[in-house]
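Enquirer: Pasting in a structure now, in structure tokens, and then I'll have a few things to ask.
Since every read-out is calculated from the coordinates, none of them should be taken as a lab result. Because the structure is a prediction, the values reported are computed rather than measured. Please note: Cβ atoms are built from the backbone with ideal geometry, for glycine as well, and neighbour counts cover all protein chains shown.
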Amino acid sequence: MHAIGIDIGGTKIAGAVVDQLGSIVASERVATPAGDSALLEDAVVQMIDSLRAGADEEIVAIGVAAAGFVDAAQSTVYYAPNIDWRNEPFREKLEARVGTAVVVDNDANAAGWAEFRFGAGRLVSDMVMLTIGTGVGGAIVAGDRLFRGGFGAGAELGHLRVVPDGLACGCGQRGCIEQYGSGRALLRMANEIADAGGIGQALARARTEHGGLDGRLVGGLIESGDDGAVAALRQLGSWLGQAAASLSAVLDPQRFVFGGGVAIAGELLLEPIRAAYRDHLPARGYHPEPDFVIAELVNDAGVVGAADLARVWVAEHA
Ligand SMILES: [Zn+2]
């Protein structure tokens with residue numbers, strides 16, 4: 001029961017043949033053709049043909065993951081931020097060209113599903129994943145099922161509001177957790193700490209030396225235990241813990257999984273998350289406490305999850 005997973009990112013397309021245990025049998029990667037959805041479609045078809053030609057077992061289904069809103073039927077992409085897709089019937093188009101069952105899903109959903117099936121969420125029935133990259137992505141598994149919402153646009157956890165009238169967000173609203181718990185927010189906090197002097201001296205020095213702070217510089221200072229950089233990470237964790245408390249009140253997961261570049265910080269990130277969670281949990285003391293863990297699949301989660309979602313779809317519709 002091998003399936004192909006394709007993860008269309010802003011800069012690259014990753015593809016893999018994945019077995020039923022979530023292991024990658026073969027993989028490929030090409031640059032995402034910029035600005036042209038016809039070229040993009042050709043590149044995806046080419047990758048599928050090439051992966052299939054090299055496979056020694058039949059490919060039962062193909063899963064495609066991309067950033068954006070995908071309908072609940074896993075067929076039409078309503079909107080994709082990196083591609084000029086608007087109400088794009090990508091499943092139908094791709095099936096016509098490759099002759100195999102295709103499902104399309106949101107990339108954060110695919111990554112969350114991979115963690116649920118084969119990674120940090122594999123021992124629970126209810127899981128929330130927050131992906132801390134440049135922005136904040138999310139996925140929800142409830143009762144062993146991926147939660148998509150009635151229209152397919154659910155689980156946009158990055159736009160959970162944590163601060164009324166807070167910082168402006170790219171979504172057009174204010175105060176979303178994406179503005180307080182993302183990699184971009186971490187850099188803003190690190191800059192504020194650098195401006196304030198005191199524990200921010202090492203951050204300020206690095207900023208002057210390199211003409212600005214980036215994720216690599218702040219990450220390096222966190223790793224070396226610099227007080228200012230660790231304080232920025234603790235602020236970030238505190239916001240994420242508050243968001244987790246609100247999510248717990250609604251979804252009651254057994255486990256929160258944190259992925260994305262910032263999650264490399266591991267326990268240093270989880271510790272302030274747990275502390276803020278306890279401080280902000282409604283009816284604290286009467287609510288069983290979930291686990292807070294780091295994602296396990298990192299770079300492969302998108303392709304592994306997309307392939308498995310496709311396999312699940314075929315099994316349920318056979
Ligand atoms: Zn927002």
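Enquirer: Given N residues in the range 152-195, what is its alpha carbon radius of gyration divided by 2.2 N^0.38 Å? Write down the numbers at each step before the final one.
Expert: Working: Rg = 11.5 Å, N = 44, 2.2 N^0.38 = 9.3 Å.
The range 152-195 yields a ratio of 1.24.
Enquirer: Next question. Would you tally the net charge around G135, using a Cβ to Cβ cut-off of less than 10 Å, leaving G135 out, and scoring K and R as +1, D and E as -1?
Expert: Every neighbour counted, the sum reads 0.
Enquirer: Okay, next question. When Lys and Arg each count +1 and Asp and Glu each count -1, what net charge do the other residues less than 14 Å away from R207, Cβ to Cβ, add up to?
Expert: Overall, the nearby charge balance is -2.
Enquirer: So how much slack lies between E192 and E58, counting 0.36 nm per residue of separation and subtracting their Cα-Cα distance, in nm?
Expert: Net length gain for the segment: 42.8 nm.
Enquirer: Report, please, the projected area of the range 8-137 averaged over directions, based on the convex hull of its C-alpha atoms, in nm².
Expert: 8.2
Enquirer: With a cap of 15 neighbouring Cβ atoms within 10 Å, and only residues DSSP puts in a loop, list the trypsin sites (Lys or Arg not before Pro) found in the range 116-194.
Expert: Answer in residue order: R122.
Enquirer: Bin width 5 Å, origin at 0, all Cα-Cα pairs of the range 164-311: what percent of pairs per bin?
Expert: Distribution as computed: 2, 9, 16, 18, 18, 16, 12, 6, 2, 1, 0 percent.
Enquirer: P(r) for the range 48-103, please, calculated from all Cα pair distances in 10 Å bins and given in %.
Expert: Bins of 10 Å from zero give 23, 48, 24, 5 percent of pairs.
Enquirer: Measuring from the lowest to the highest alpha carbon on each principal axis, how far does the range 59-214 reach, largest first, in angstroms?
Expert: 61, 38, 33
Enquirer: Of the peptides 212-221, 301-310, how do they stack up when ordered by the mean number of other Cβ atoms within 10 Å, highest first?
Expert: Put in order of decreasing packing, that is 301-310, 212-221.
Enquirer: By how many degrees, between 0 and 90 and to the nearest 10, does the Cα long axis of helix 37-54 differ from the longest principal axis of the chain?
Expert: Compared with the principal axis, the helix lies near 70 degrees.
Enquirer: Let me ask something else about it. Report the rotationally averaged projected area of the range 1-78 based on its alpha-carbon convex hull, in square nanometres.
Expert: 5.4
Enquirer: Then there is this: Applying a 10 Å radius around every beta-carbon, put 4-17, 92-105, 224-237 in order of their mean neighbour count, most first.
Expert: 4-17, 224-237, 92-105
Enquirer: Wrap a convex hull around the Cα atoms of the chain, take a quarter of its surface area, and give that in square nanometres.
Expert: Details: hull surface 68.4 nm².
So the mean shadow area of the Cα hull is 17.1 nm².
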